[in-house]
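Just so it is clear, none of the values below were taken in a lab; they were calculated from the coordinates. Not measured: the values here are computed from a predicted model. Counting neighbours? That spans all protein chains shown, and the Cβs are built from the backbone with ideal geometry, glycine included.
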Amino acid sequence: MKSISTVSWAKPGTLRFLGAGLLGFALMFAADVASAGPHQRPDHPAAPAFAFNPTTPAKTKLGCRLFFDHRLAKANDTSCASCHDPAHGWTDTRRKSRGALDVAEARRTQTVLGAGFVPKLGWSGGIDALEGFVLAPIARAHEMAQDLDALVVELSSSGDYSRGLEAAFGSSEVTVGRISQALAAFVRTLVPGVAPFDRWQAGDQNAVSDSAKEGFDLFTGKAGCAACHTGWRFTGDAFHDIGLEAGSDIGRAVHEPNNPLARYAFKTPTLRDVALRPPYMHDGSKSDLMDVVDHYVQPKPARESLSPLLSSPVLSDREKLNLVDFLLTLTSVTDHTFKNCLPERKQK
Amino acid sequence: MKINLTALLAASALLVAVSSASAMMTTSDPSPSDTMKQAETLVKNEKYGDASEKLTMVLKSDPQNADAWNLLGFSSRMMGNFDDAEKQYTNALKIEPNHKGALNYMGQMYVQTGRLEDARGMLQRLKSTCGDCKEFTQLDTAIREGKAGNY
């Protein structure tokens, strides 16, 4: 990880000593503006929606029901939540995702937490719209293996969604487009909650430990993590080869074959709620956060695609613990036992 | 020699004016067709932002240019601006309802955004416009891939 210099926005007033005059005034103004910090969670973050699919409560409710409905899989045995489990940070605990064929895929299941903010979705960024993204696993033979037209027939004949569809779209007609739009609307509501880190940034000095505070300084400084893990979601949404074992999965290069840096490059994941989501990395090769930190400290294989933002910072054992302590503060304190939206079974 | 400052200033001003006029005469703006060609090249090189600027220039002088609207829609789509793309393809199809490129690309945009039924609508329009033409085949393939989860 490359070491980057950062404005000490976490310590408001640091720049004020720089003196009087116009330059000093400008710098003070900049420091005040930045005092919220680039990693500070907005008060009411809302994932942007396309004009063709505005997020509404009725659509979100419908999408939530669909998300937990096992009928979305061909075998009626898997829902979106089977792999994107809210109790595990909206992913699962497997190293590699497994679908209808029960064969391990090349990559780990990604979290859908905050997916509404992601411009290019998937580990290699092959999908630009959440509405397309939510259909892909339903239809893919290796995942839920559903025939989308058959799904429309199945849900239409059940009539279970008639009222929800009426409320969301104005008629009870089931279409692939409506399934996709309702699911996307629901996923857009999966916004990372307030974490101890946010309370610390808002001024509560007791919200995180001293070790975590030191970890944050390392994260934004010497360890260089913030070169890629930027913004309030702690991701720049870019693709990097971080030196993991290279296999047949070439990552972003599928979409950017002429970009040497795209080979073995995968999406930088969000670190929000990261403690809930082991194992880590696109290939699930790191079992805990200390393994992750160790990876960045170790020398990397020499290859052309390796991200220039990577370095191998020298960190003591204590500093590595500081980093892990900081990462733990990014997990929200909301109730992670999300209640699904399926109606209770009718009593016969 | 005594220099008349007023005369010197007047001469300088005249020189600047003549130079400017000369420059204006020798530097002509590219024609809309040249700009369109530049935009096409930029799209081929995946410079969609730059292409959009050129296409906007073309459309300022020729707002009924369906090809330009179609290419602008394509550029917007490639940049993930699906709402803009939809409006721009719609403009192209208002001007030229049987525009094969716009029908194809708008259908592909519908696939990308999960609207399979709308994509099939575009496919039907292509079928009646040009039968099994290249655009029809491309969109048909995109719909099949989308339906298989290969977005």
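Could you pull out every Cys in chain A that lacks a partner Cys with its beta carbon under 4.7 Å away?
Cysteines of chain A left without a disulfide-compatible partner: A:80, A:83, A:225, A:228.
Which cross-chain or sequence-distant (5 or more) residues have an amide H under 5 Å from the amide H of residue A:286, H modelled 1.01 Å from N in plane?
A:280
Using a cut-off of 9 Å between beta-carbons, work out the net charge of the residues near residue A:167 (Lys and Arg +1, Asp and Glu -1, residue A:167 not included). Let's see the in-between values first.
On the way: positive: A:59, A:61, A:163; negative: A:166.
Net charge around residue A:167: +2.
Take the Cα coordinates of chain A, assign each an equal point scatterer, and use the Debye formula without solvent to give log10 I(q)/I(0) at q = 0.08, 0.12, 0.14 Å⁻¹.
With one equal scatterer per Cα and no solvent, log10 I(q)/I(0) is -0.44, -0.93, -1.18.
In which sequence would A:178, A:140 go, from the one with the fewest C-beta neighbours within 10 Å to the one with the most?
A:140, A:178
Among A:118, A:297, which comes first, second and so on when ranked by fewest other beta-carbon atoms within 10 Å? Before the final figure, lay out each step's value.
Values: A:118 22, A:297 16.
Least to most surrounded, the residues fall as A:297, A:118.
Explain nothing, just compute: Karplus ³J(HN,Hα) = 6.51 cos²θ - 1.76 cosθ + 1.60, θ = phi - 60°, for every residue of the range A:203-210 in order, whole Hz, x for Gly and Pro.
Once θ is set to phi - 60°, the couplings for the range A:203-210 become x, 7, 5, 8, 5, 9, 7, 4 Hz.
Would you work out the relative contact order for the range A:57-188, in percent, from Cα pairs under 8 angstrom that are 6 or more residues apart?
In percent, rounded to a whole number, it is 33.
Amide H of residue A:85: which non-local residues (sequence gap of 5 or more, or other chain) have their own amide H closer than 5 Å, using H built in the peptide plane?
A:90, A:91, A:92
Can you run phi through the Karplus equation (6.51, -1.76, 1.60; θ = phi - 60°) for the range A:68-74 and list ³J(HN,Hα) in whole Hz, with x for Gly and Pro?
Karplus values, whole Hz, x for Gly and Pro: 9, 8, 5, 5, 5, 8, 4.
With a 10 Å cut-off between alpha carbons and a GNM built on chain A, which of A:248, A:162, A:209 moves the most?
Answer for the Gaussian network model of chain A: A:248.
Using the Karplus equation 6.51 cos²θ - 1.76 cosθ + 1.60 (θ = phi - 60°), what ³J(HN,Hα) coupling, rounded to whole Hz, does each residue of the range B:107-120 give in order, writing x for Gly and Pro?
Listing the rounded values in order: x, 5, 5, 5, 4, 4, 9, x, 9, 4, 5, 5, 4, 5 Hz.
Given Cα pairs under 8 Å that are at least 6 residues apart, what percent is the relative contact order of chain A?
Working: 634 pairs, mean separation 82.1, N = 348.
Across chain A, relative contact order equals 24 percent.
Of the candidates A:56, A:111, A:78, which one comes out as most mobile in a Gaussian network treatment of chain A with C-alpha springs shorter than 10 Å?
Ranking A:56, A:111, A:78 by mean-square fluctuation puts A:56 first.
Scan around residue A:241 for amide H atoms under 5 Å from its own, H built in the peptide plane at 1.01 Å from N, and keep only partners 5 or more places away or cross-chain.
Here the answer is A:266, A:307, since their amide H atoms fall under 5 Å of that of residue A:241.
So what are the range B:30-147's ellipsoid semi-axes, whole angstrom, largest first, if each one is the square root of 5 times an eigenvalue of the alpha-carbon gyration tensor? Before the final figure, lay out each step's value.
Working: eigenvalues 118, 44, 28 Å².
Ellipsoid semi-axes (Å, largest first): 24, 15, 12.
Taking neighbour Cβ counts within 10 Å as the exposure measure, how do B:141, B:129 sort from fewest upward?
Details: B:141 12, B:129 15.
If I rank by nearby Cβ atoms, fewest first, I get B:141, B:129.
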